[in-house]
1. Compute the normalised compactness of the stretch 282-336: alpha-carbon radius of gyration over 2.2 N^0.38 Å, N being the residue count.
2. ³J(HN,Hα) across the stretch 26-36 via Karplus (A = 6.51, B = -1.76, C = 1.60, θ = phi - 60°), whole Hz, x for Gly/Pro?
3. Check each of the GluC sites (Glu not before Pro) in the stretch 301-401 and keep only those in coil by DSSP with at most 13 other C-beta atoms within 10 angstrom; list them in order.
4. Which of the chymotrypsin sites (Phe, Trp or Tyr not before Pro) across the stretch 343-391 are loop residues per DSSP, with 15 or fewer other Cβ within 10 Å?
5. Can you give me the % of accessible surface on the stretch 36-97 that is carbon or sulfur? Probe 1.4 Å, all protein chains present, nothing else counted.
6. Among the DSSP beta bridges whose two residues both lie in the chain, what percent are antiparallel, rounded to the nearest 5?
7. With the Cα gyration tensor of the chain in hand, give its eigenvalues times 5 under a square root as the equivalent ellipsoid semi-axes, listed largest first in whole angstrom.
8. Keeping every protein chain present and rolling a 1.4 Å probe, give me the accessible area per residue for the chain in Å².
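The values are calculated or read from the model by the stated rules, or taken from the named source; none is laboratory data. All values reported here derive from a predicted model rather than from experimental measurement. Ideal geometry is used to build each Cβ from the backbone, glycine not excepted, and the neighbour counts take in all protein chains shown. For the accessible areas, the whole protein counts, side chains as well, though only heavy atoms, and no ligand, DNA or RNA atoms are used. Shrake-Rupley method; radii C 1.70, N 1.55, O 1.52, S 1.80 Å.
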Amino acid sequence: MEVYNSHQQQLSDILDEDSSKTDWTDWKWHIRNSIKTVSGFEKALGIKFSDKERRLHEQTLKKFPLAVTPYYLSLIHTDNYKNDPVFKQSFPNPRELIISRSDMVDPLHEDKDSPVPGLTHRYPDRVLFHVSNLCSMYCRHCTRKRKVGDVDSIPGEAQLEAGLDYIRNTPQIRDVLLSGGDPFMLSDEKLDWLLTKIGEIDHVEVVRIGTRMPVVLPYRITDKLVNMLKKHHPLWINTHFNHPRELTASSRRALTKLADAGIPLGNQSVLLAGINDCPRLIKTLNHKLVKNRVRPYYLYQCDLSEGLSHFRTPVGKGIEIMESLRGHTSGFAVPTYVIDAPGGGGKIPVMPNYIVSWATNKIILRNYEGVITTYAEPETYECNYCDRDCENCKLQLMEDDAEENPIGIAKLLSDWDETLSLTPEENERTERCANDS
């Protein structure tokens, strides 16, 4: 049961005087009443910018638009809003207009690695399918600021069909990632259609959806949506929590619905200066995630997109955070820290150096405590030289599933074996029958 508190009621009345209690949990109401202006932000939060601040903020919005859901806005602590992590992720900062020498419009070369509009094919066996330019909230640190919010280039059915055709005609693709914008901005029916079309492609083994809805608009995770998603297994969902404050009761309920539907959940955080660049904070976030059945997947170094220089930390800060996680908490609570290489080089994992030295017969390692130890290499090792001659390889490459071969009572219990009885060897009756024949 959702709790409708007085703060939410007050905010609802400010944004929509005809709103009712049930509107607050209606995700479409939040989209309709998203805050998109500086004055609307001031009115909703009851804060007042100076004339200079307001002018700078409005100049920023001319280049990078504003959109924040009433739900996410309600998480801001107004008594210290300028340092609030939710405020910093949702409200424009004039520093976004500072374009540094290293900034790029498309740092990951997603457009250049696009064989058809809206689809990026960088890695051999997987593609990123850009199915929506719209988000319920425009994150200020978005790597796709060049696209998100561009209502004039929303992918239509013809573009989606072109992407589907490319996937159909490229048999090495086994993994399709739906991204955006936010795929959950599509209607249930449109998303169902898209997932059905992808599911009809034999060589596609798994579909992933990248969404921030559980963070910024958890009411989008409706029972109807979840029941539809359940039809399309194997389906994986990655979300985007950056701060422990974002894991509210409503967000946790949304995650529970998805996890109970059998959907594996992962999280991709971005390391952001002044928001989550703290080892203790990231560890707390990851502990909250795994408690809610979400696996911390990636910790991203902030990309070199235009206007993000004030969000970037040195890579050393990320290394420090990883040092505080590995060995200090459960392995499944430790994400992979990656730099998405400029120029389309893909994700490069970065981590503390645990190899101290290396010789022909041993390797010297250190652990998270600083303990230095050795691991002995094998004294003899016959290298299995790979000449790609798979038919004559000594290793067993079993691409088909292993066959189950039940024995004993298990054979009689199995439904896939037609054996009705087991007869011991040297059974006199069996031997007698054999002799008589």
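1. Against the empirical 2.2 N^0.38 Å value, I get 1.24 for the stretch 282-336.
2. 8, 4, 5, 4, 5, 5, 5, 9, 4, 7, 10
3. Glu369, Glu379, Glu382, Glu399
4. Counting only loop positions with at most 15 other Cβ atoms within 10 Å, the chymotrypsin sites (Phe, Trp or Tyr not before Pro) in the stretch 343-391 are Tyr354, Tyr368, Tyr381, Tyr385.
5. 48
6. 35
7. Listed largest to smallest, the semi-axes of the chain are 47, 30, 24 Å.
8. Each residue of the chain exposes 55 Å² on average to a 1.4 Å probe.
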